[in-house]
Amino acid sequence: MVRKNNNNKATENRKARHLYNILETHEAGIALKGTEVKSLRAGKANLQDAYARVEKGELLLYNMHISPYEQGNMFNHEPKRERKLLMHKQEINRLMGQTQEKGLTLVPLKVYFKAGKAKVALAVAKGKQLHDKRRTLAEKDAKRQMERALKDQQYR
């Protein structure tokens, strides 16, 4: 019998969809140390300022904060170290080509566990301008008001 463990919390970058237009998403593995895995399983990670970059044929994740493991000892990890993302070579080359275009960047959207392995949902994204952000918020607000009005009509 296989038991699902619901203690594995996914860490999301909620601001990413507000700050960027997501063009496409990819799934990548992530190389972690033992104490990082334990902290990640406890949901102690932050993707707020994180980004990825292709350097020397390798995909690296920067500024992802994983809090030190509470029961860790002197072998605990550094919270904001650069971490290697694991993808096939041709996928990395394709991402490198896309990010060399003007204005495109690699943004981590989510860190989660899949079949016991840590994965990162990585997005090829283009930064939004201020007026785009305002338009998105206005559309979201209008949609919320319409749903509220429809719900009120149903109860009358």
Given the condition out of contact with any Asp or Glu (no Cβ under 8 Å at 6 or more places or on another chain), without any contact (Cβ under 8 Å) to a residue 24 or more places away in the chain, in a loop (DSSP other than H, G, I, E, B) and closer than 18 Å to residue 17 by Cα, answer yes or no: does some residue in segment 148-155 qualify?
no
Looking at segment 47-65, I want the residues that are farther than 12 Å from residue 81 by Cα and have a partner that is part of a loop (DSSP other than H, G, I, E, B) with Cβ atoms under 7 Å, at least 6 apart or on another chain. Which pairs are those?
47/13; 47/64; 48/13; 48/15; 49/63; 51/63; 59/87
Tally the residues that are hydrophobic (A, V, I, L, M, F, W, C), farther than 25 Å from residue 94 by Cα and over 13 Å from the mean Cα position of the chain (by Cα), restricting the search to segment 5-39.
1
Within segment 55-69, is there a residue that is over 20 Å from residue 12 (Cβ atoms) and of a type in the set (S, T, N, Q)?
no
Considering every residue within segment 30-43, establish whether at least one is surrounded by fewer than 20 Cβ atoms within 10 Å (Cβ to Cβ) and acidic (Asp, Glu).
no
Members of segment 115-129 found to be at pLDDT 85 or above and within 22 Å of residue 94 (Cα to Cα), listed by number
119, 120, 121, 122, 123, 124, 125, 126
Being within 25 Å of residue 103 (Cα to Cα), under 16 Å from the mean Cα position of the chain (by Cα) and aliphatic (A, V, I, L, M) is the filter here, so list the residues in segment 51-84 that pass it.
52, 59, 60, 61, 64
Residues in segment 68-88: is at least one within 17 Å of residue 117 (Cα to Cα), crowded, with 18+ Cβ neighbours inside 10 Å, touching a residue at least 60 places away in the same chain (Cβ under 8 Å) and of a type outside the set (Ser, Thr, Tyr)?
yes
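The values are calculated or read from the model by the stated rules, or taken from the named source; none is laboratory data. Note that the structure is a prediction, hence the values are computed from the model and not measured. In this analysis, Cβ positions are derived from the backbone assuming ideal geometry, glycine residues included, and neighbour counts consider all displayed protein chains.
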